[in-house]
Ligand code: ADP
Ligand code: ZN
Ligand code: ZN
């Protein structure tokens, strides 16, 4: 056996918190392999792509395996990005290999070669220029005529479908040539001029421009106050300094409309990165950023992982949005990680929202973020008038009061659009037997003490569980008493749609929820079909943002009451944000808007504070309550979850965790069954760890997590750690 053999330390995408040693692939010298390079290695029966994170010497008595291949000549993850990901791994107490794999686009994680990202164009050769005047009319001649100017392939694809075949002919005759395009040469004049910023916008844009290195700004402005114009100005300033800009947007906010606005105004290619792209396209956008070719990257949550070798600015739009938090695997928060990256990159970050998260407001109050406020709507638009409608003892049709129905009729007659918001999809939330009280529950979710209702779908014919997806037909008769008196109770978006279609026959009624808009692009098609003609939109929170609706004059909010009494510490914040965001959709253009909030609890403090004082009054009151109750942002939380097909193992595992924690100087509650104690056949329990001192919480986790991995019980169930959980369920 050799005395010492040089090995590569490799982070692999496996749930084990340690690196693995490999010999370099045959014929490769370990010292020539750089940190951050991809490496293909054997792992059990599998082959995995890992990232080299160090060099070392094989431990005595252990015979390391040789790696299979070194796919790239240079590191894929390096510099600031690699450093920030290492920080993320230690902050989340998650295996580095899994964090690095999460950051890579899927195609690269699988080991596919780095994609081509250079853009190409075509132009006539000298021979082509000479030949053109004498060419016979036809497809090749028409194409050749276009090539008097250098033409981008993307432009040819968009405007001259089928160009590739005649182009091949031109090239074979030596008349046309393909040229790599220099990204700098792609910069065109913006096709749309910027409006003159008002004083508040100017002030915000100036403050961002004046930032020297890292600075965090909370751009706190009501819907329609022109936040996007401030981002655009800041991005233009960043581009003018020759730097790259990253813009994060919520899943639903990345509409073709929004992208077109960025493209038209910035005059540079805008690279989009979202779940609608295929793996190749995602890898291309990611690599274009890594190579500095992408100057503006607009993307959803996972775009926070793009390499930014020439970073100049990071923007997080709708920073309060729930879609920034990853709910499985590596449970990162894209807004929070974006702040970490901006700091490491030494660039300003702008967090924008009409309803900032309490975390960001707290940071603004304590001076960690600069607070930039836009208090007025830009242009001529007026804020909507909000009215609380007391519907106690009123007749309701699918949850709608007569006053609401009258207001919808008036809006349609005036040529406007109305939006009915109900945060419950499906036909009805419950199927009830009118004779014996039986109701339909999911057999795979819930427990006898805490049953989980199935939602009625398909116009009353189908039952569906919103937690596990289980479906079954509505029974013909009650399984308990054989009565035929089974009745859907309450109203979801489907039933509201049905009632509105009856009531307003002849008007377009468009339902927008996860059920109706599953296909990507379907949502945009639905909006396009409606246009600006009079009509009614019915939907869930998917309607709270996204596609701009300039002709929307009325918003009716139905059924906020369920949200008013939810137990989770975040539910009031989420409800307030949702209400304000939906309300903000009314009257965006020059038409004044009205918002009606139906409720059985008109005196509820949340509604009262929101309507009389606005979101900031609510936030102040809520921050006080969070502080008093010991919740974030005043207390830092971590949630340890465990689930198994039997109830005992999760509770035992969490009890062991609790014992291992000993007296770590933090608050520990549980183990307790989770608020949703059974889902898809798994029994779930949780342990909550809390401390007012982040450092103390993390010290405890750092001691605990490796010991959890070592517990034999850990392999018999599913467990996960969620640092900074958004909710405790
Ligand atoms: P937000 O992002 O805060 O919702 P936007 O930037 O989308 O607001 O602006 C709302 C509307 O007002 C848009 O139609 C935008 O073009 C317009 N707008 C924004 N700023 C100005 C301005 N300074 N002058 C005129 N119109 C403006
Ligand atoms: Zn019955
Ligand atoms: Zn279920």
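Assorted remarks:
- Sorting 53, 349 from the fewest to the most surrounding beta carbons within 10 angstrom yields 53, 349.
- Residue ranges 495-502, 309-316 sort as 309-316, 495-502 when ordered by packing (mean number of other C-beta atoms within 10 Å per residue, highest first).
- Placing pseudo-labels 7 Å out from each Cα toward the beta carbon at residue 57 and residue 647 gives an inter-label distance of 5.6 nm.
- The order of the peptides 331-341, 628-638 by mean Cβ neighbours within 10 Å, most packed first, is 331-341, 628-638.
- Shape category assigned to the range 257-302 from the gyration tensor of Cα positions, a/c cut at 1.5: oblate
- FRET efficiency for residue 328 and residue 393, using Cβ-Cβ distance with R0 set to 56 Å, rounded to 0.05: 0.80
- Förster radius 56 Å - calculated FRET efficiency between residue 566 and residue 212 (Cβ-Cβ, nearest 0.05): 0.80
- All C-alpha pair distances within the range 33-75, sorted into 5 Å bins from zero, spread as 5, 21, 27, 25, 17, 4, 1 percent across the bins.
- Taking every DSSP helix (H) stretch of at least 4 residues in the chain, weighting each as -39,500 (n - 2.57) and dividing the sum by the residue count yields a mean residue ellipticity at 222 nm of -9500 deg cm²/dmol.
- Distance distribution note for the range 572-729: the fraction of Cα pairs above 27 angstrom is 43%.
- Cα-derived Rg over Rh, computed across the range 642-692 with Rh taken as Kirkwood radius: 1.03
- For the range 230-298, the relative contact order works out to 41 percent when only alpha carbon pairs closer than 8 Å and six or more residues apart are counted.
- Between residue 28 and residue 413, full extension at 0.36 nm per residue minus the direct alpha carbon distance yields a gain of 131.0 nm.
- Global form of the chain, assessed from the alpha-carbon gyration tensor, a/c cut-off 1.5: oblate
- Förster-model FRET efficiency, 60 Å R0, residue 716 and residue 5, C-beta, rounded to 0.05: 0.95
- Extension gain, residue 590 to residue 106: 0.36 nm times the residue separation minus the Cα-Cα distance gives 169.7 nm.
- Sequence-distant contacts, meaning Cα pairs under 8 Å at least 6 residues apart, place the relative contact order of the range 287-402 at 20 percent.
- Distance between the modelled labels on residue 366 and residue 199, one decimal in nanometres: 3.3 nm (7 Å Cα→Cβ projection).
- Extension gain for the segment residue 628 to residue 489, taken as residue separation times 0.36 nm less the Cα-Cα distance, is 46.2 nm to one decimal.
- Cβ crowding within 10 Å, taken as a proxy for footprinting-reagent exposure, orders 122, 163, 155 from fewest neighbours to most as 155, 163, 122.
- Here the range 576-624 is treated as a sphere whose radius is the Kirkwood value from Cα pairs; by Stokes-Einstein at 4 °C and 1.567 mPa s it diffuses with a coefficient of 110 µm²/s.
- Nitroxide proxy distance, nm - points 7 Å out along Cα→Cβ at residue 680 and residue 47: 3.0
- Fraction of beta bridges assigned by DSSP in the chain that are antiparallel (%, nearest 5): 55
- Equivalent ellipsoid, the range 314-385 (semi-axes from 5 times Cα gyration tensor eigenvalues, Å): 25, 16, 12
- With the biggest extent put first, the Cα atoms of the range 203-322 measure 41, 29, 26 Å across the principal axes.
- Three-way shape label, the range 429-530, alpha-carbon gyration tensor, a/c 1.5: oblate
- Contact order normalised by residue count of the chain, Cα under 8 Å, 6+ apart, percent: 11
None of the figures in this text is laboratory data; all of them are computed from the coordinates on show. A quick note: this is a predicted structure, and the numbers were derived from the prediction, not measured. Cβ atoms come from the backbone with ideal geometry, glycine included; neighbour counts cover every protein chain shown.
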